[in-house]
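Okay, structure first, notes after.
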Amino acid sequence: FGQLGGGSDHVGFVCRMVVPAISISAGGSEGTSYHSNYDTTAWYRATVGEDYEPALLVTRATLSFVALMSNQKSPPYQFNEIGRLGLASLEGLSNLAKSEGEKSAVESLRPLLVTLQNQGDVIDRALQLHQSLDAQSEQRIIDGTHKFLKAFQDQVGLHDRPWYRNMWIATDPMNSYAASVFPMMREALQAHDQGQLDEAVTRTTAAIQRASTAADLMLLGLRSSDPIR
């Protein structure tokens, strides 16, 4: 759930389909390992170097990660990260605000994000403690996880960028290698468009509330499986 940055490799998954992604990388090559449309063995040796160890390391790490994921009943997510990173982004958004109304709009997200972070903290701790769950509890957690992962997907899309449907994060419109948290809010504040900002607050708030409702479903599953009640 962290900020992966921009680029092309994961944008379709994260920014449109709202599918979680992970960044696995390695350094140490002699040259640059940035890919091109001319990726051949000769190109690699001339541009990157003779040593293929960094790429081999990434491949092994990726395969190991997939193997670990395939044997997990609950995906190894940190559910408190959305709230934590969201709260951390508010200062940057406030710095873009010029009026008290704009600052108030940004601050309206804070209590929702505090609640979401607190819910995530409880979920993360509980998932570490519960080694086994009954079928009903497990299904509630699975359903809640799916809803949580899709909470920030908005079929209308961002203002002037409808292809981007993630209200949580998107590439920066001016720098495709940068990523913006709460992109619709950021773009409205940069334009100082109150109407656009009001819409951004409404839709971002709805997304956070969907995530919070999903977290409640997971917490219900965890509580119902708790032997100490």
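Only Cα pairs under 8 Å and 6+ residues apart enter the sum, and on that basis the relative contact order of the chain stands at 27 percent. Oblate is the label for the chain, because a/c, from the alpha-carbon gyration tensor with a ≥ b ≥ c as root eigenvalues, is 1.5 or above and a/b does not exceed b/c.
Measuring from centroid to centroid over Cα atoms, what is the spacing of region 195-210 and region 120-173 in Å? About 17 Å separates the Cα centre of region 195-210 from the one of region 120-173. For region 17-129, just say rounded, prolate or oblate: build the C-alpha gyration tensor, square-root its eigenvalues into a ≥ b ≥ c, call rounded for a/c under 1.5, and beyond that prolate if a/b exceeds b/c, oblate if not. Oblate, since a/c reaches 1.5 and b/c is not below a/b. Helices that extend 15 Å or more along their long axis by alpha-carbon positions and average at least -1.0 on the Kyte-Doolittle scale are, among the DSSP H runs of the chain, 53-70, 81-96, 110-129, 135-149, 194-224.
What you get for region 157-229, charging only the Cβ of Lys and Arg (+1) and of Asp and Glu (-1), is a dipole of about 340 debye around the Cα centre.
As an exercise, find the ratio Rg/Rh for region 60-185 from alpha-carbon atoms, using the Kirkwood inverse-distance average for Rh.
1.04
Counted residue by residue at 0.36 nm each, then reduced by the alpha carbon distance between them, the extension gain from residue 17 to residue 81 reaches 21.1 nm. Calculated over region 21-70, the projected area of the Cα convex hull averaged across directions stands at 4.0 nm².
Every number in this text was worked out from the coordinates using simple rules, so none of it is lab data. All values reported here derive from a predicted model rather than from experimental measurement. Backbone-built Cβ (ideal geometry, glycine too); neighbour counts: all protein chains shown.
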